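Peer 1: Before I ask anything, let me first share the structure, which is written out below as structure tokens.
What follows draws every value from the coordinates through simple rules; no lab data is involved. Just so it is clear, the model here is predicted, and its values are computed rather than measured. We place every Cβ from the backbone using ideal geometry, glycine too, and count neighbours over all the protein chains shown.
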């Protein structure tokens, strides 16, 4: 699905990603872990197309197409979804209206007709149930005054609506209590299929108790320093990140 | 000789033959129109601009088109070139009005000019159940509509005013005065979307007595130059004055919103929210004055002006001005100006929404807040439509 080769990126001349290699196939769940400042969120942002980051080297192929050539909206229209670590508050735009615009822009890009009000509401109801989100939240201004948990749940709701092929969850567990975490993870698990893939970016192992990864990668100083299966995450949980740092220092 | 006297001379033959007009003209020729150094017109040097751009001897055109009236049940008053045309107007039985000879008004230059030139005054003498619409179809060099609205105790009025200029290089100098009696309510909404060679100076005055409420909503879209003078005198106790404004400008439009709210007695409340979106080479001016007189204890007065600049060639001047003589009051003001939030645009784009649509969504949401007090759906829809037309 996506093939990342030697990806390098900087922000304001500061190198953050120093050569990332990663291959994700349909049906897989990958976890990207690492200490603060290792470049996890940068990787997520670069894949979504944030223009503040400059890609200085490497390539990303997504279904055989050069992903780095596409605008953020084109990436979304082609099935990439980024769940934000800090979802943006947008006063005056309700989630419902926002989603209606988004869905119809995506449909338009695929040459499909816009959803009418009836079918849109039907879709909304179905997805609301899936991620256990309340109608009243969706008619309010997007994320404005939402609690941390509500914001993250709204991200997963948007993901359910847009049915991405590749979902990237950036620190989706940050700021969540255990109940909210379970609900969010439950939503992600329900959306999983053999045709889509999930990349979970996280500092802590606890989210991975609920979203079980097929592969775990450890990012440190802009490079993937280790890859393994879910046991690698447990190992990290036990030992912390220090041994990774020490190991990296030896290389 | 004062600097603008040449221009004033071109009006001389239009002065009314009644004592108030003659007196106003005399005062005006003494003080003159605002000149380049007038503080109140610092960012809007209106007199030289008018002198250069207005064709004072324009032949009037018949510009009335019934389709331009709102299709809402209510009283529709049609002014043509500043004069009420009763044949074109359609009124409901619940409205009472008279036409009077113009009388003394305010003593600022453009009010004096209006008093000098307005042939007479439409006086609406009571509140109404159905809304009132006032249209100005102007095609002459200068039009001077003069209107007074008297809302009696316990009555209310919803009034929408709209100016339709179809000839180029016209100037409208309007004056409307609301007298809001005890326990009365008035809401005045203006939609300003003129041509890029049309000029206007529009004065709105409200005198509000005990427990009276006055609302003004001003939506400005296109104009060569428009100056809005809004003056609310909260003369009584427990009065309220509300001012909402939106200026969404492009091309070389220039809008100057000059508002004054004067708290004279205890326990009154004023609230002001103006928002500006400036694109291309447009200019927006906001000057909000709040006076709290010595007797006006327990006044609450709030003001905010937020602006988004979309172009580096757009210009904004914003100036809050608070003068407080009472010591037990709550007043706040704030103004912001900036660009659209790039991170918010990115967020919308990651959901498949292209940049143009994302920007329009954010601006639409920003602008919409100023429409909260517009209660007539037709007018609200019209303004929302104009916002979309400008943004998309």
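Peer 1: Looking at A:246, A:150, A:238, which is the one that is free of Cβ contacts under 8 Å to residues at least 24 places away in the same chain and touching a helix residue (DSSP H, G or I) at 6+ places or on another chain (Cβ under 7 Å)?
Peer 2: Values: A:246 fails: touching a helix residue (DSSP H, G or I) at 6+ places or on another chain (Cβ under 7 Å); A:238 fails: touching a helix residue (DSSP H, G or I) at 6+ places or on another chain (Cβ under 7 Å).
Of A:246, A:150, A:238, the one residue that is free of Cβ contacts under 8 Å to residues at least 24 places away in the same chain and touching a helix residue (DSSP H, G or I) at 6+ places or on another chain (Cβ under 7 Å) is A:150.
Peer 1: Of everything in the range A:92-125 that's surrounded by fewer than 15 Cβ atoms within 10 Å (Cβ to Cβ) and in contact with a helix residue (DSSP H, G or I) (Cβ under 8 Å, 6 or more places away or on another chain), which residue is farthest from residue A:138 (Cα to Cα)? Step through it out loud before you land on a result.
Peer 2: We begin by selecting, within the range A:92-125, every residue surrounded by fewer than 15 Cβ atoms within 10 Å (Cβ to Cβ); these are A:108, A:110-114, A:116-119, A:121-122, A:125.
Then keep just the ones that are in contact with a helix residue (DSSP H, G or I) (Cβ under 8 Å, 6 or more places away or on another chain); that gives A:110, A:113-114.
Numbers: A:110: 26, A:113: 24, A:114: 20 Å.
Per the stated criteria, the residue is A:110.
Peer 1: Does the range A:111-126 include one or more residues that are assigned to a helix (DSSP H, G or I) and within 14 Å of chain B (Cβ to nearest Cβ)?
Peer 2: Taking the range A:111-126 as the starting set, the residues that turn out to be assigned to a helix (DSSP H, G or I) are A:117-126.
From what's left, within 14 Å of chain B (Cβ to nearest Cβ): none.
No: the range A:111-126 contains no residue that is assigned to a helix (DSSP H, G or I) and within 14 Å of chain B (Cβ to nearest Cβ).
Peer 1: Restricting to the range A:235-244, count the residues that are part of a helix (DSSP H, G or I) and surrounded by 14 or more Cβ atoms within 10 Å (Cβ to Cβ). Steps first, answer last, please.
Peer 2: Pass one, the range A:235-244, residues part of a helix (DSSP H, G or I): A:235-239, A:242-244.
Restricting the remaining residues to those that are surrounded by 14 or more Cβ atoms within 10 Å (Cβ to Cβ) gives A:235-237, A:244.
Adding up the residues that qualify gives 4.
Peer 1: Return the total of residues in the range A:141-162 being buried (at least 17 other Cβ atoms within 10 Å of the Cβ) and in a loop (DSSP other than H, G, I, E, B).
Peer 2: Total meeting the criteria: 2.
Peer 1: Counting only residues that are buried (at least 22 other Cβ atoms within 10 Å of the Cβ) and touching a residue at least 40 places away in the same chain (Cβ under 8 Å), which one in the range B:118-127 is nearest to residue B:10 (Cα to Cα)?
Peer 2: Among those residues, the one meeting the criterion is B:118.
Peer 1: Out of all the residues in the range A:31-49, which are more than 12 Å from the chain's Cα centre (by Cα) and under 24 Å from residue A:225 (Cβ atoms)? Steps first, please.
Peer 2: Our first condition is that a residue be more than 12 Å from the chain's Cα centre (by Cα); within the range A:31-49, this holds for A:33-39, A:49.
Hits for the range A:31-49 are A:33, A:34, A:35, A:36, A:37, A:38, A:39.
Peer 1: Tell me, please, whether a residue that is within 14 Å of another protein chain (Cβ to nearest Cβ) and closer than 24 Å to residue B:342 by Cβ can be found in the range A:174-184. Break it down stepwise before answering.
Peer 2: So the first thing to find is which residues in the range A:174-184 are within 14 Å of another protein chain (Cβ to nearest Cβ), and the list is none.
No: zero hits.
Peer 1: Quickly run through the range B:251-264 and pick out the residues that are assigned to a loop (DSSP other than H, G, I, E, B) and crowded, with 19+ Cβ neighbours inside 10 Å. So that I can check it myself, show each step before the final result.
Peer 2: Of the range B:251-264, the ones assigned to a loop (DSSP other than H, G, I, E, B) are B:251-253, B:264.
B:253, B:264, listed by residue number.
Peer 1: Is the range B:25-32 home to any residue that is surrounded by 14 or more Cβ atoms within 10 Å (Cβ to Cβ), in contact (Cβ under 8 Å) with a residue 40 or more places away in the chain and either in contact with a strand residue (DSSP E or B) (Cβ under 9 Å, 6 or more places away or on another chain) or not in a helix (DSSP H, G or I) (or both)?
Peer 2: Yes, the conditions are met somewhere in the range B:25-32.
Peer 1: For residues that are more than 13 Å from the chain's Cα centre (by Cα) and either surrounded by fewer than 24 Cβ atoms within 10 Å (Cβ to Cβ) or under 16 Å from residue B:106 (Cα atoms) (or both), tally how many sit in the range B:225-241. Spell out the reasoning first.
Peer 2: As a first pass, look at the range B:225-241 and keep what is more than 13 Å from the chain's Cα centre (by Cα): B:233-241.
Next cut, either surrounded by fewer than 24 Cβ atoms within 10 Å (Cβ to Cβ) or under 16 Å from residue B:106 (Cα atoms) (or both) only: B:233, B:235-238, B:240.
So the count comes out to 6.
Peer 1: Every residue in the range B:48-84 that is closer than 19 Å to residue B:224 by Cα and without any contact (Cβ under 8 Å) to a residue 60 or more places away in the chain, please.
Peer 2: Hits for the range B:48-84 are B:48, B:51, B:52.
Peer 1: Please determine, by comparing only the residues of the range A:206-234 that are touching a helix residue (DSSP H, G or I) at 6+ places or on another chain (Cβ under 9 Å) and in a loop (DSSP other than H, G, I, E, B), which one is nearest to residue A:182 (Cα to Cα). Spell out how you get there, then give the answer.
Peer 2: Start the filter on the range A:206-234 by keeping residues that are touching a helix residue (DSSP H, G or I) at 6+ places or on another chain (Cβ under 9 Å), which leaves A:206-223, A:225-226, A:228, A:230, A:233-234.
Adding the requirement that they be in a loop (DSSP other than H, G, I, E, B) leaves A:210-214, A:221-222.
Values: A:210: 7, A:211: 9, A:212: 12, A:213: 15, A:214: 19, A:221: 30, A:222: 30 Å.
Only one residue fits best here, namely A:210.
Peer 1: Check whether at least one residue in the range A:83-90 is closer than 30 Å to residue A:43 by Cβ, facing chain B (nearest Cβ under 8 Å) and over 22 Å from the mean Cα position of the chain (by Cα), and report yes or no. Before you say what the answer is, go through the steps one by one.
Peer 2: First, pick out the residues of the range A:83-90 that are closer than 30 Å to residue A:43 by Cβ: A:83-90.
Still in the list and also facing chain B (nearest Cβ under 8 Å): A:84, A:87-88, A:90.
In the following step, the residues that additionally are over 22 Å from the mean Cα position of the chain (by Cα) were identified as none.
No.
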